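The values are calculated or read from the model by the stated rules, or taken from the named source; none is laboratory data. Just so you know, these numbers come straight off a predicted model, no measurement behind them. Every residue, glycine as well, gets a Cβ built from its backbone with ideal geometry; the counts of neighbours run over all protein chains shown. In case anyone asks, the SASA skips ligands and DNA or RNA and just uses the protein heavy atoms, side chains included. Shrake-Rupley method; radii C 1.70, N 1.55, O 1.52, S 1.80 Å.
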Amino acid sequence: MIYFVGAGCGAADLITVRGMRLLEKADVIIYAGSLVNPELLDYAKKACKIHNSAKMTLDEVLSVMLQAEKENLITVRLHTGDQSIYGAVREQMDALDEKGIAYESCPGVSACFGAAASLNLEYTLPDVSQSLIITRMAGRTGVPEGENIESFAAHHASMAVYLSAGMMTELAERLMAGGFEPDTPAALVYKATWPEEEAYVCTVQELPRVAEEHHITKTALVLVGDVIAHRKYAKSRLYAPDFETEFRKAKS
């Protein structure tokens with residue numbers, strides 16, 4: 001059996017309990033060595049065979065999986081964050097489907113949620129934003145034309161921009177071109193929840209300067225939106241005295 005497991009965003013204890021237990025019983029672990037915290041491998045049993053996929057091609061990863069299946073072993077494919085976001089898992093799953101090999105997924109904590117926790121943010125403040133846009137700049141992997149930064153910025157919703165720390169000047173310019181004011185709150189979070197985490201709250205126009213001053217060019221997330229300042233929001237109606245639910249009667 002093969003399990004695709006989200007390792008979480010950094011700290012070793014932010015993996016799910018299910019993910020930890022799968023690591024503990026795995027016979028084979030293929031982990032994204034360029035991004036996954038190596039402390040997670042401490043959960044593996046001594047006899048476990050461990051492979052670093054940062055040094056492997058897709059065919060080599062699949063070869064390890066197929067051999068493990070022939071030997072009736074348990075394989076954990078350990079991806080950073082949550083594998084459903086920029087995880088390149090679908091191509092692996094499709095290859096396994098072609099071979100008739102069963103697999104399951106175990107979710108993880110993605111970087112945008114680790115960053116929110118580090119900054120004590122709520123992305124969905126009433127009267128400010130009720131949506132979170134997760135996106136990225138085009139790089140070696142393209143972005144569909146209808147999903148450009150400007151089109152998303154026009155919504156003024158909360159945004160989490162992945163894989164774009166090395167293009168900070170262009171990103172800031174495009175966010176402002178799309179409609180964000182230069183003084184819109186923003187944050188740059190390097191290696192969210194890792195021991196070496198760095199987090200800086202600034203404005204959209206200040207993002208390039210902050211990145212340059214702190215030498216941040218990769219492994220960082222950009223957050224944008226008025227929720228970062230947590231001002232001028234409405235309190236949730238859910239807890240208002242006059243709001244009635246199936247669990248609580250309204251109070252006059």
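One residue alone among THR184, THR203, THR219 is out of contact with any Leu (no Cβ under 6 Å at 6 or more places or on another chain), within 15 Å of ARG136 (Cβ to Cβ) and polar (S, T, N, Q), and that residue is THR219. Residues in the range 14-38 that are free of Cβ contacts under 8 Å to residues at least 12 places away in the same chain and within 14 Å of PRO107 (Cα to Cα): VAL17, ARG21. Within the range 17-33, is even one residue at pLDDT below 95 and either buried (at least 17 other Cβ atoms within 10 Å of the Cβ) or under 22 Å from the mean Cα position of the chain (by Cα) (or both)? Yes, the range 17-33 has at least one match. Screening GLY114 against (1) closer than 22 Å to GLY87 by Cα; (2) modelled with pLDDT of 95 or more; (3) open to solvent by 10 Å² or more (accessible area, probe 1.4 Å) leaves a single unmet condition, (3). If you go through the range 175-186 and keep only what is within 17 Å of CYS202 (Cα to Cα) and not aromatic (Phe, Trp, Tyr), you end up with LEU175, MET176, GLU181, PRO182, ASP183, THR184, PRO185, ALA186.
Every residue, every condition in (1) touching a strand residue (DSSP E or B) at 6+ places or on another chain (Cβ under 9 Å); (2) farther than 22 Å from PRO126 by Cβ; (3) modelled with pLDDT under 95; (4) among the hydroxyl-bearing types (Ser, Thr, Tyr), yes or no:
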residue	(1), (2), (3), (4)
ALA154	no, no, no, no
MET167	no, yes, yes, no
GLU170	no, yes, no, no
LYS191	yes, yes, no, no
PRO208	no, yes, no, no
ILE228	yes, no, no, no
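Among the strands (runs of 3 or more DSSP E) confined to the range 1-117, the ones with at least 1 residues that are under 27 Å from SER131 (Cβ atoms) and not hydrophobic (A, V, I, L, M, F, W, C) are located at 2-6, 75-79, 103-106. Within the range 131-141, does at least one residue satisfy the condition of being assigned to a helix (DSSP H, G or I), modelled with pLDDT of 95 or more, open to solvent by less than 30 Å² (accessible area, probe 1.4 Å) and among the polar types (S, T, N, Q)? No, the conditions are met nowhere in the range 131-141. Just wondering, is there one or more residues in the range 76-94 that are open to solvent by less than 30 Å² (accessible area, probe 1.4 Å) and over 22 Å from the mean Cα position of the chain (by Cα)? The answer is no; no qualifying residue exists. So which pairs qualify, if the first residue must be in the range 128-143 and under 16 Å from ALA160 (Cα atoms), the second must be part of a loop (DSSP other than H, G, I, E, B) and open to solvent by 50 Å² or more (accessible area, probe 1.4 Å), the Cβ gap must be under 6 Å, and the two must be at least 6 apart or on different chains? Close Cβ pairs satisfying both conditions: VAL128/TYR233; GLN130/THR124; ARG136/LEU163.
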